[in-house]
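Trainee: Quick one: the structure is below, questions incoming.
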Amino acid sequence: MTVVKVAELVGSSKNSWQEAAQAAVSEAQRSYPNITGVEVLNMTAEVQDGSIVEYKADVQVAYVE
């Protein structure tokens with residue numbers, strides 16, 4: 001029987017939400033090498049002077065040990 005575990009991370013990027021999600025997955029890969037999927041839970045951004053300066057993606061990665 002295979003058990004799938006889930007970890008939640010937040011990635012960030014100066015350029016896009018896609019890059020923010022990828023940053024989270026790349027970081028997760030260091031601790032959880034057998035990632036099988038990812039779910040983007042939430043996307044937010046930091047705004048300064050009316051412009052987005054940082055994109056953030058809250059993700060859950062599924063992995064097996």
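The values are calculated or read from the model by the stated rules, or taken from the named source; none is laboratory data. All values derive from a computational prediction rather than experimental measurement. Backbone-built Cβ (ideal geometry, glycine too); neighbour counts: all protein chains shown.
Trainee: Tell me which residues, restricted to the range 37-65, are touching a strand residue (DSSP E or B) at 6+ places or on another chain (Cβ under 7 Å) and among the hydroxyl-bearing types (S, T, Y).
Mentor: T44, Y55, Y63
Trainee: Can you tell me which residue within the range 36-65, out of those that are of a type in the set (D, E) and modelled with pLDDT of 95 or more, is surrounded by the most Cβ atoms within 10 Å (Cβ to Cβ)?
Mentor: D58
One line per residue, one yes/no per condition, for (1) in contact (Cβ under 8 Å) with a residue 24 or more places away in the chain; (2) of a type outside the set (A, V, I, L, M); (3) more than 16 Å from V64 (Cβ to Cβ); (4) touching a helix residue (DSSP H, G or I) at 6+ places or on another chain (Cβ under 8 Å):
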residue	(1), (2), (3), (4)
T2	yes, yes, no, no
A7	yes, no, no, yes
N15	yes, yes, yes, no
A20	yes, no, yes, no
E27	no, yes, yes, no
V53	yes, no, yes, no
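Trainee: Now, a different point. Output yes when any residue across the range 37-49 is closer than 13 Å to V64 by Cβ and within 14 Å of the chain's Cα centre (by Cα), and no when none is.
Mentor: Checked against the condition, which is being closer than 13 Å to V64 by Cβ and within 14 Å of the chain's Cα centre (by Cα), the range 37-49 yields at least one hit.
Trainee: Same structure, new question: State which residue is farthest from V61 (Cα to Cα) when the search covers only the range 15-35 and only residues that are surrounded by 11 or more Cβ atoms within 10 Å (Cβ to Cβ) and among the charged types (D, E, K, R).
Mentor: The residue in question is E19.
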